[in-house]
Every structure is written in C-alpha cells, then in structure tokens.
Amino acid sequence: MVNIPVAPANATTAGLFVQELAPIGGSLVGSFFVGLIPLIVVLVMLGVFRIPAHYSSFAGLVVCIFIAIFAWHMPAQQCFESIANGIVYANWPIMWIVVNAMFIYNIAVRSGKFELFRRWMISNTPADKRILLLIIGYSFGALLEGVAGFGTPGAICSSLLVSLGFDPIDALTYTLIFDTTPVAFGALGIPVTTLATLTGLPAKSLSQMIGRQLPFVSLFLPTYALLFYAGWRDGLLACWPAGAVAGISFAVTQAIFSNLVGPELPDLIAGLVSLIAIIGFVQWWKPPYNEKYVATMVVAGGEEPLAPQRRSSDVSSKQEIHEEENATKDGEETHHGSDEKATSSDDAIPTENEGRQVAPANAVVEKPTLYEALFAWLPWLLIVVIVIIWTFCKVSAIGQVNVHWPHLDNQVWLTLYEKKYAAVWSFQPLATGTAILVAGLVFLICVLLTGEHISIAWLSVVDTAKQLFYPVITVSFIMAFAYLYNYSGIAYTVGLTLSSVGRAFPFLSVWLGWLACFLSGSDTSANSLFGNLQVVAARQIGLSPILMAAANSSGAVTSKMISPQNLTTGVATIGLRGKEGLVLRRTIVHSIIMCLALGVITCIEQYGIPQLIPPE
C-alpha cells in the first residue's frame, strides 16, 4: 500500500493551491493513467497520425489544461501563469541558444565558409557515408553538444550530412540517435550542476556516477548505429574498426574526465578526442569500397557538378569509367540496410536535393589551403573558445534578474516534498546564447574582412527566422505543457506511482528521466522535474540517492531523440517541416532500447556492484 502524502491544513488555509496526488477517486493508479492522457495525445498525434509537432504539442497542452483544472482542481489563473512561465523559459534561454547557433551556421552557408568545411571533410576523410556518419554525426555532434546543447547538434550536423548526399530522414535520425550519451554533460555540464543544486548532492559524485553509466552506451553506440544504417555486412562487419575507434576514444575520455575532473568538460574533450581519433584512423584504414555508400556533393542547380574522378586508391579503373553515369543514381538511392524497410512508400517526401545536381564527394576536389581550413573551422572554434571562457568566468551571472512569477511563485503547495513551490525565472541577458551570439558577431566581422557584403548579416537573420519560426512555436508549447504538468501536480502523481514499485525502482528510475526529457526536450529540465523525486524515493526504499539521481539524468538522454522540441528543430533546418512524426517512428525504437539498457545497468550497479557507487 502506497503512502500518499497529504498537505497540512495550514497550507490550505494560507490560500495556496494544494497539489493533489490522487485526485481521481483517491486512487493513485487511476490518477496515474488519467495523468498520462496528455502525453499519449502528443505521442499518438506525432507518431500515428503524423501531425506536425506544433499542432501535436498544442493539442497536448489543451488536453493538459482541461485535466489540470477539472481533475487536479488547479485554479485557472495559476494554470495560465504556469503556461506563461514555460513559454518565457522556452524562448530564453533555450531557443536563444538555438537561434544564435543557427545564425552562425547561416552566415557560414551564405559566405561559402560552410562549403570550405565540406571540402575539408571530403579531402581529409574517405567519401564514404558510413565514415562521415561517425565523424560528423557522432564525434562532431558530441563536440557541439558539449558546448551548446539544446538541439544545436541535430540541426547543424544533419544539415551537413544532407549536403553530403545523405537522405534527410537518415541524416536527422542518426544524428538524433548519436545525440544521446553526450547530453548529460552537455552545455559544459549544466544538467549535472543543476541536478546537484536541486538535490543537495555533490556535483562531483553525480558526475562520477553518470560517468560510470553512460560510457558503457557510448562505447557501442557508433557500431550500433552502423548496424542499423548499413546492415550487418556493410555496416557492422565492414566498418566495425572505425566504430570501435570512435566509441572507445569517446567512452574512455568521457569516463576519465567525469570521474577525475568534474561535469564541465567530459563531452567537450571526449568529442574532440573522438573526432581527432577517427579522422586520424581513416588516414590509413578505409572500409571496403561500396558504391551504395559513396557520398555525393549537392551542388546548386545553376552550378556544374564536380569532376567525377575517383582517387585511384579507392576504386579500380573499371569503376571509374562508369562513375559519372551512376553518380546521380547513387545520390538518390540512399536508403539501405535495415532502413529500406523502415520507410514505406507513403512516407515519400521531397528533399533538399531535388532540383540540384550531385557529384561524387570523393571526386577530385581542391584541398583547402591552411587559410581556408582555418575559416572552415573558425565558426565552431569560436563557439567552443568563447563559451568555455564565458562559462568559467561566470559571465552569465552578470546582470542576472530573478523574476518571481506573479500568482505562481510560492503560491503552490508541493505536496510530495512538503514545501511551497518556487516559480522564479532567472533572466540572464548574458546567458550562453549571448556568448554564441558574440561568437557569431566575431565570425561575421571576419567574413566581412574577406570582402563579403554587409547584407549577408540580414540575409542570415532572415534565413534563421524562416527555419526556426515553427520550432520556436513548438518549443513554447511543449515547455508550457511541461510547466503546467509540473505545477498542477500531474507530474508528481506519475512520478510517485512509478516510485512505489519498491526494489524494482532502479529499473524504472531511468524511465522517469525518459519521461521528463520527452516533455521538456532538455536533460537540465528533466533533472529539475524529477531529480529530487528520485532522491526522496531512493531514501524511502533504501537505495542510493546518488545512483537514482544519476539514473534520472542518464535515462533522460535516451528520450532526447524523440522529444518534439528536438524533432521540430531538426526537421526545420533540412526542409522536412511537418515530418516530425516520420522521424519519431524511426527513432522511438532506439530510444526504448537504450533506456532498457540503462535500466539494466542501473540495477546491476545497485544490487550487483554497489562498489561502483560513489559516496554522498
């Protein structure tokens, strides 16, 4: 029998809204299933009916409003105040980061510096999609996640892969799958430091515990993705050495830095080490040539395709003869391996490649000079350097204003934790997004010094606005949903129900994180939502609070690939707006598999190898 906390009488008489944990007939289980209805609405509309994310998230929000007011008895004023709080937080700081990252990306595209980056990749790596998937999707994406996070890697890396001839759905699907294990230490460790602040647990211990969970997944993730992308023979057997190098270099570095240094640098350094390791490795090892996986350069309609001549070390002279006539065909037939069956004929979609010419990416291209290579990497180097300086100098705290949300801050009684619920929006004019904007302005100045017209700035702003209009709406709706779900008490009913399973809780604890990140699209927000619940449940059951709090963060990373926030940002940048449901159906199975694996790892660490758990 679950002990359901009840608010003391003085909280009610003080005029607070008291969260009810079992409002449906006094039944916790019945209330649990009613509380799941808004989540089910979003998932079904996205994945089954293929309705765009902004409509799906809005429908889920509307359903949540009715349930919060009429089932959980939340006053309408506080209901809509919590929605407003969520919308504001969605735009600052979350979308402020994404907008500025995309602004830099668009400057690079408009100025041609993104083309230099593609040329650098092509001239320094094999033009094989399987290898490029590891370099760009896994290693480079982890580097971006370690610095910025919040959906930035999915948008930028999928765009880069599409420009190299990847099918857009493939590009986004695998970029999202890769953007999992780097998430817990993303944005220079903000999720872990937030978790430590909310739970009162040491950040170093939490970092160590997460660093003894996620590296086990990081180790196999590249090879796992190759298996699903190219199949057993062409993916696993042909490319496992590259997958092993990418996975081992990342996992080992992530484990070392998370355990010995702290939460700020594991993914940044691990992504950088993995990127250098895999690029260095393919200088002397290359997978067997397979024309099906030849990367292609997408060329604008008015331009001539690159000269289709292969490197003699890659193919035979007989293959060179037939290369030109097959180049376009190779660029179009990019669904292969197990993915050929994943998308049915009614999922056919227009891609950004339509109306353009393609040429073999390993055609003879002019290798960028040292000066060009510097410009190719300049925007990403600026982001890394400026954000690191910004974070460690605590620039974000300068000018911070704490806004106590009217009619909500300390006006809600958080029954589960027996305290008033704060609602404070910390407005930081110099937040991480501003650091990325500064990097963008420095990059813009460098571009202008090369002779570009100042109009490139305005055109890049317009591009960014067009790309992120619907993502901003979607993220606003989904964060409003999350805040309402939280302040109404529905989230705590769901969490309390799952935490009532006793010794099975270590397995389900990762699913609490999974649920929270699906709602918010952020590991940081997931830790804010259920991090303290994990600690309370752990102490009641007699489990390790450190392990359960870490499991919340580790489990959260596995649902980032299916969160509407990240889906809508990704599809908007590669010309697939409205196709979030298609991507969801391609990623949800992988999300569930990874969460199951982490659940097993958590149980083993709790009951089998408790020596791995650091002290509080």
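For this structure, a couple of remarks:
- Nonpolar atom fraction for the chain, defined as the carbon and sulfur part of the 1.4 Å probe accessible area, stands at 66 percent.
- The chain: calculated mean residue ellipticity at 222 nm from DSSP helix runs of at least 4, using -39500 (n - 2.57): -20000 deg cm²/dmol
- Residues whose amide H comes within less than 5 Å of that of ASP128, counting only those at least five positions distant or on another chain, are ALA295 (H built at 1.01 Å from N in the peptide plane).
- The angle between the Cα long axis of helix 238-260 and the longest principal axis of the Cα atoms of the chain comes to about 40 degrees, rounded to the nearest 10.
- Summarising the amide proton neighbourhood of LYS420: residues at separation of 5 or more, or on other chains, whose placed amide H is nearer than 5 Å comprise LEU414.
- Derived scalar couplings ³J(HN,Hα) [the stretch 383-389; Karplus, 6.51 cos²θ - 1.76 cosθ + 1.60; whole Hz; x for Gly, Pro]: 4, 4, 5, 5, 5, 4, 4
- Compared with the dominant principal axis of the Cα atoms in the chain, helix 96-111 is inclined by about 10°.
- Sites ALA244 and THR450, calculated FRET efficiency, Cβ-Cβ separation with R0 41 Å, nearest 0.05: 0.55
- When the residues GLU264, GLU418 are ordered by accessible surface, computed with a 1.4 Å probe over the protein chains alone, the sequence from largest down reads GLU418, GLU264.
- Taking all protein chains as they are arranged and a probe of 1.4 Å, the heavy atoms of SER509 leave approximately 0 Å² accessible to solvent.
- Relative to the dominant Cα principal axis of the chain, helix 580-603 is inclined by about 60°.
- Database remark: amide H of MET74 closer than 5 angstrom to the amide H of ILE69 (H placed geometrically; neighbours at sequence offset of 5 or more, or on other chains; Pro and chain starts carry no H).
- HN-Hα J in Hz across the stretch 484-501 - Karplus 6.51, -1.76, 1.60, θ = phi - 60°, x for Gly and Pro: 5, 4, 7, 6, 6, x, 4, 4, 6, 5, 4, x, 5, 4, 5, 7, 8, 8
- Residues in the chain average 36 Å² of solvent-accessible surface per residue, probe 1.4 Å, ligands and nucleic acids excluded.
- Remark: for residue pairs LYS394/LYS579; LYS204/LYS394; LYS292/LYS560; LYS286/LYS560; LYS129/LYS579; LYS286/LYS466, the C-alpha separation exceeds 28 Å in LYS394/LYS579; LYS292/LYS560; LYS286/LYS560; LYS286/LYS466.
- What the phi angles of the stretch 454-461 give under the Karplus curve with 6.51, -1.76 and 1.60, with θ = phi - 60°, is a coupling list of 4, 4, 4, 5, 5, 4, 5, 5 Hz, glycine and proline written as x.
- Qualifying chymotrypsin sites (Phe, Trp or Tyr not before Pro) in the stretch 60-141, DSSP loop, other Cβ atoms within 10 Å at most 13: none
- Restricted to Cα atoms, the chain shows a radius of gyration and a Dmax of 24.2, 86 angstrom.
- When the Cα atoms of the stretch 492-616 are aligned to their principal axes, the ranges along those axes come out at 50, 26, 23 Å in descending order.
- In the stretch 505-611, the trypsin sites (Lys or Arg not before Pro) that fall in loop regions by DSSP, at most 13 other Cβ within 10 Å: none
The values are calculated or read from the model by the stated rules, or taken from the named source; none is laboratory data. Note that this is a predicted model, so its numbers are computed, not measured. All Cβ positions, even for glycine, are placed from backbone atoms using ideal geometry, and neighbour counts span all protein chains on display. The area values use the complete protein model at the heavy-atom level, side chains included, leaving out ligands, DNA and RNA. Shrake-Rupley method; radii C 1.70, N 1.55, O 1.52, S 1.80 Å.
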